[in-house]
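See below for the structure under consideration.
The values are calculated or read from the model by the stated rules, or taken from the named source; none is laboratory data. No experiment lies behind these values; they were computed from the predicted model shown. Note that each Cβ is placed from the backbone with ideal geometry, even for glycine, and that neighbours are counted across all protein chains shown.
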Amino acid sequence: MAYTVHYTTPSGPTSEQHEIGQRAAERAMTFSGMGAANVYVEAADGTVFRAPTDMSALIEHAKPTDSGRT
């Protein structure tokens, strides 16, 4: 499943896509920790996970599709 990390920096909003939910959560936490605003991950099914509060829910959501991926 595809996951898109969205965030806003002083230069404006941007996003990046990841195939692994765990990686998307890591990136969202990185951006959040660096002070980016409006950081969230959107799953291909439309579910939205806000960083940092919803990252554990994202990991659970991604478990079925992340299994066996690295």
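Out of the residues in the stretch 1-11 meeting the condition of being at pLDDT 95 or above and more than 9 Å from the chain's Cα centre (by Cα), tell me which one is nearest to H61 (Cα to Cα). If we take residues in the stretch 1-11 being at pLDDT 95 or above and more than 9 Å from the chain's Cα centre (by Cα), then Y7 is nearest to H61 (Cα to Cα). Against the criterion of being in contact (Cβ under 8 Å) with a residue 24 or more places away in the chain and in contact with a Pro (Cβ under 8 Å, 6 or more places away or on another chain), M29 qualifies.
With respect to (1) modelled with pLDDT of 95 or more; (2) in a helix (DSSP H, G or I), the lone exception for K63 is condition (1).
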